[in-house]
Amino acid sequence: MKIPYFLLLTACVTNVYAGPPVLDSSTNSNSVPPANVPAQTIPSYDQVTNLNKVQSDVNDLKNKVQEQSNAIDYLQRVNADLQKRVADLGGGKVANAAPAFIASVPAGALADEKTRYNNASNALKVGDYTQAQQGFQSVITTYPNGDYADNSQYWIGVALLNKGDKTGAVRAFDLVARNYPKSDKIPDAMFKMGDTLLVLNNKPKAKEYFDYVIQNYPNTNGANLAAKKKIAARL
């Protein structure tokens with residue numbers, strides 16, 4: 001039996017353009033995927049908790065790194081200020097000239113400055129004068145414009161005096177007035193200078209400092225002590 005030509009042509013065309021095969025509805029939808037296609041899994045509660053903790057730790061670490069970066073930046077600016085002041089001293093400029101900038105003290109800096117100051121004060125009280133001197137110097141070096149810098153300079157003089165370094169003590173007391181002209185420790189420092197010079201048998205110079213305190217800082221403890229010392233030493 002011969003098949004009509006147009007039916008044969010229709011069958012050929014139908015086979016060529018039949019399209020992709022249709023997935024058999026009987027195929028098991030739970031079948032394992034091919035080896036190179038990983039199965040998708042839902043993370044467990046513990047895994048989610050661990051991931052959150054890791055993320056929290058990473059954020060904490062970033063914050064600490066930022067804090068350290070801010071501290072380093074602050075110290076670099078303080079160092080630049082100190083170098084500028086040293087250079088000014090070498091060039092014959094006034095020792096207490098205004099620094100090139102006023103450092104922006106980061107949060108927590110004052111607490112650290114006070115801690116250093118208190119530690120040095122405690123060392124002075126127990127007679128560890130070398131440790132006290134180093135501690136007060138650390139306050140000045142780290143916080144040159146801090147709230148405790150002038151007091152630290154004064155107590156360095158006291159520490160040196162207790163160590164027997166009278167000449168060094170005189171220089172330390174002198175720096176209180178030169179570097180901190182608005183300090184309320186100046187009267188005490190000037191009295192200490194006069195008293196130390198008196199011990200060094202330099203009576204004329206001692207009298208000058210006693211008179212200076214009495215005239216410029218009346219009604220202060222330093223002025224009262226200077227007046228009494230003048231009478232006792234018959235100056």
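Some notes on this structure:
- Tallying residues that are out of contact with any Gly (no Cβ under 7 Å at 6 or more places or on another chain) and touching a residue at least 12 places away in the same chain (Cβ under 8 Å) within segment 217-228 yields 7.
One line per residue, one yes/no per condition, for (1) farther than 19 Å from D150 by Cβ; (2) assigned by TED's automatic domain parsing to the domain that holds F136; (3) modelled with pLDDT of 95 or more; (4) not hydrophobic (A, V, I, L, M, F, W, C):
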position	(1), (2), (3), (4)
R178	no, yes, no, yes
P187	no, yes, yes, yes
F191	no, yes, yes, no
L200	yes, yes, no, no
P204	yes, yes, no, yes
I214	yes, yes, yes, no
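- Summed over segment 151-199, residues that are at positive phi and under 30 Å from the mean Cα position of the chain (by Cα) total 0.
- Filtered by the rule that a residue be polar (S, T, N, Q) and over 17 Å from G157 (Cα atoms), segment 182-226 gives N201, N202, Q215, N216, N219, T220, N221, N224.
- Tabulated pairs, segment 164-176, first closer than 15 Å to G222 by Cα, second surrounded by 19 or more Cβ atoms within 10 Å (Cβ to Cβ) and acidic (D, E), C-beta under 7 angstrom, 6+ apart or interchain: V176/D150
The values are calculated or read from the model by the stated rules, or taken from the named source; none is laboratory data. Since we're looking at a predicted model, the values are computed, not measured. Using ideal geometry, Cβ is built from the backbone for each residue, glycine included, and neighbour counts are taken over all protein chains shown.
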